[in-house]
Amino acid sequence: MAGEFQAPRGTADLLPENEEAHRFVVGTFRKVTGRAGFRSIETPAFEDTALFQRGVGDSTDIVRKEMFTFEDKGGRSLTLRPEGTAPICRAWIEHGMNKLPQPVKLAYEGSFFRHERPQAGRYRQFHQVGIEVIGSGSPLADAEAICLLDAFLAELEVPDLELHLGSLGSPEARQEYLTELTSYLASRESELSEEVRDRVGSNPLRAFDSDDEGTSRVMEEAPLLLDRLDGEDREHFERVRELLDAAGVGYTVDPTLVRGLDYYGRTVFAFTCDRLGAQSEIGGGGRYDGLIARLGGPDTPAIGWAAGVERILLALDREAVAPELDLFLAWTEDSVAGRIPGLASELREKGISVGFDLAERNLKGQLKQADRAGARWTAILAADDSVELKEMETGDQRAADLTDLASIVAD
Ligand code: AMP
């Protein structure tokens, strides 16, 4: 049936049969982060546009092309949040969370919005779960964050995962390296693909992602940022690796790992899943030691990650869940119908899930509804209070006492 309206491009309804799987992912996230002492935070769905311009970075694709920005009636420029870290840092500063014991460990979940070209695993409204550890520069915080994402995905049993680990060093080291890389690329310009040549000025790191044969050959000999890390950055990275090794978390060092947000420095990481095709990243994050200061707060180191709920569900390939009900109440004569809502409430209070027909069908129609509702049992009530209890899977039917219904069904 095609109605007059459809959900906007790149968005999707979360229908009941899929909502349960979604809830399972979010529930697992809460469990895993809760037992690590993280507390939940929720920030508004929109923020001042300037927060993202400053926080995520004016030169990033997200800010340049992907934000849903609008003006409110007071002429203020607002933006539907494209990511969670800048808003949480804003909240950390605004609510003086620097006075709390550090680091502050926060977990969040919600909808995020990016005006991207929709495809499998890429939407304009999507859901993320994520954490931030704000107020520690120790590699222990990096290891805690990465281990937690690993534990979360393991608990969900997401298959075929690979953890990529890299370090971006300090902003100064990165700048120096980018200059070196740009002049290296310029020195071999004639061997590069046209597309890469066009982007050298704006984003030379992207050359590492190119499939072009000539470019790949050039990149094999290109200088790597990981080899240019200075003393403390190198030590930090080595320590993170040691901690992950000690925790038994496997990873591949990926010297070309770049992330689409400006605020990262030092550790960056991403979990990919082979089953996902082009959009293979399930979740990732990194250290953003400069962000809070950039937003006007005190100089505060921090690290975090976010994972996409839709991508996790795609990787899990979970079947849509059929409805389930403990007991369906049916009746033989119209005179009994009036007692059904009260009886249903009584049984529900005892923790039993109960349904009944809301369209006043005859008994045959009611039994069909019981089937569709996924009921384990159906009780057929007669005017004389007698009850026929039918076990739906086997079709076995027996007489039962109204007062025994709850205990039989709960068994
Ligand atoms: P990011 O905030 O870009 O670091 O992304 C973190 C995670 O969010 C990614 O690993 C994806 O799982 C998910 N994600 C990002 N963008 C989208 C999108 N447009 N649609 C669906 N999931 C996304």
remark   = Subset of the stretch 1-18, residues open to solvent by 80 Å² or more (accessible area, probe 1.4 Å), in a loop (DSSP other than H, G, I, E, B) and in contact with a Pro (Cβ under 9 Å, 6 or more places away or on another chain), comes to Arg9
ask   = Restricting attention to the stretch 19-56, which residues are within 25 Å of Leu78 (Cβ to Cβ), assigned to a helix (DSSP H, G or I), more than 16 Å from the ligand (Cβ to nearest atom) and open to solvent by less than 80 Å² (accessible area, probe 1.4 Å)?
value = Thr49, Ala50, Gln53
ask   = Quick check, is Ala107 under 17 Å from the mean Cα position of the chain (by Cα), away from the ligand (no atom under 12 Å from the Cβ) and hydrophobic (A, V, I, L, M, F, W, C)?
value = yes
ask   = Condition test on Pro341, is it in a loop (DSSP other than H, G, I, E, B), open to solvent by 30 Å² or more (accessible area, probe 1.4 Å) and more than 16 Å from the ligand (Cβ to nearest atom)?
value = no
ask   = Has the stretch 221-231 got any residue that is free of Cβ contacts under 8 Å to residues at least 24 places away in the same chain and open to solvent by 20 Å² or more (accessible area, probe 1.4 Å)?
value = yes
task = For the stretch 120-135, state whether one or more residues are surrounded by fewer than 22 Cβ atoms within 10 Å (Cβ to Cβ) and more than 12 Å from the ligand (Cβ to nearest atom).
result = yes
task = Please go through the stretch 258-301 and pick out each residue that is open to solvent by less than 40 Å² (accessible area, probe 1.4 Å), part of a helix (DSSP H, G or I) and either away from the ligand (no atom under 11 Å from the Cβ) or modelled with pLDDT of 95 or more (or both).
result = Leu291, Ile292
remark   = Taking the stretch 344-358 and keeping only residues that are open to solvent by less than 60 Å² (accessible area, probe 1.4 Å), over 15 Å from Leu402 (Cβ atoms) and of a type outside the set (D, E, K, R), one is left with Ser353, Gly355
key: Residue satisfying condition, being more than 10 Å from the ligand (Cβ to nearest atom), at pLDDT 95 or above and open to solvent by 50 Å² or more (accessible area, probe 1.4 Å), within set Arg90, Arg64   = Arg90
ask   = Restricting to strands (runs of 3 or more DSSP E) lying wholly in the stretch 355-411: which have 2 or more residues that are among the small types (Gly, Ala, Ser)?
value = 375-381, 397-400
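The values are calculated or read from the model by the stated rules, or taken from the named source; none is laboratory data. This is a predicted model, so every value here is computed, not measured. Here the Cβ is made from the backbone with ideal geometry for all residues, glycine too, and neighbour counts use every protein chain on show. Note: accessible area is taken over every heavy atom of the protein model, side chains too, but ligands, DNA and RNA are not part of it. Shrake-Rupley method; radii C 1.70, N 1.55, O 1.52, S 1.80 Å.
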